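Encoded as structure tokens, the structure appears first; notes follow it.
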Ligand SMILES: [Zn+2]
């Protein structure tokens with residue numbers, strides 16, 4: 001059952017993000033708004049390099065599921081290809097709802113486990129914007145990946 005109270009509760013909480021981090025979310029939203037295709041491009045990502053440059057990417061879904069590439073990886077690939085830089089200050093991914101969820105907004109999503117590894121590999125001090133209890137928050141990649149995989153023993 002939904003009533004006026006439910007609607008009030010689903011209202012987005014005021015963002016706790018800095019202006020720069022909010023701009024990054026907006027860049028990711030713009031990227032997926034522009035390129036959204038049902039079942040093919042559903043997630044957008046934006047990353048800010050330590051130099052301040054911003055790069056975006058969208059997810060590449062594939063008929064063969066394991067060939068799919070996350071939006072974060074595409075954004076990082078863009079940054080390295082175009083700017084030749086890979087120091088990540090902050091990164092965020094957002095999901096575009098499918099057509100049957102028209103009333104839902106584009107929202108911040110957590111990076112998948114593989115992307116957590118990828119982000120950490122390129123910048124262990126990167127910050128990641130993730131969903132928080134009262135709207136998106138920025139956390140360190142290390143907080144999202146305790147006990148990261150390592151080939152070194154006891155490391
Ligand atoms: Zn991922």
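Any read-out appearing in this document is the output of simple, stated calculations on the displayed coordinates, not a laboratory observation. What you see is a predicted model; the values in this text were computed from it and never measured. As a convention, Cβ positions derive from the backbone with ideal geometry for all residues, glycine included, and neighbour counts pool all protein chains shown.
Name the shape class, rounded, prolate or oblate, that the alpha-carbon gyration tensor gives for the stretch 10-144, where a ≥ b ≥ c are the square roots of its eigenvalues, rounded holds for a/c under 1.5, and otherwise prolate holds if a/b is larger than b/c and oblate otherwise. In terms of gyration-tensor shape, oblate. Estimated at 0.36 nm per residue, the fully extended path between residue 147 and residue 63 surpasses their Cα-Cα distance by 27.0 nm. The angle separating the long axis of helix 19-35 from the principal Cα axis of greatest extent in the chain is about 80 degrees.
The modelled label-to-label distance between residue 133 and residue 83, using points 7 Å beyond Cα along the C-beta direction, is 3.4 nm. Under the shape rule built on the C-alpha gyration tensor, where the axes satisfy a ≥ b ≥ c, the stretch 44-99 is oblate, since a/c reaches at least 1.5 while a/b does not exceed b/c.
Residue 104 to residue 53: extension gain in nm, 0.36 nm per residue of separation minus the Cα-Cα distance?
Net length gain for the segment: 15.4 nm.
Helix-only arithmetic for the chain: the sum of -39500 (n - 2.57) across DSSP H runs with n ≥ 4, divided by the residue total, places the mean residue ellipticity at 222 nm at -8000 deg cm²/dmol.
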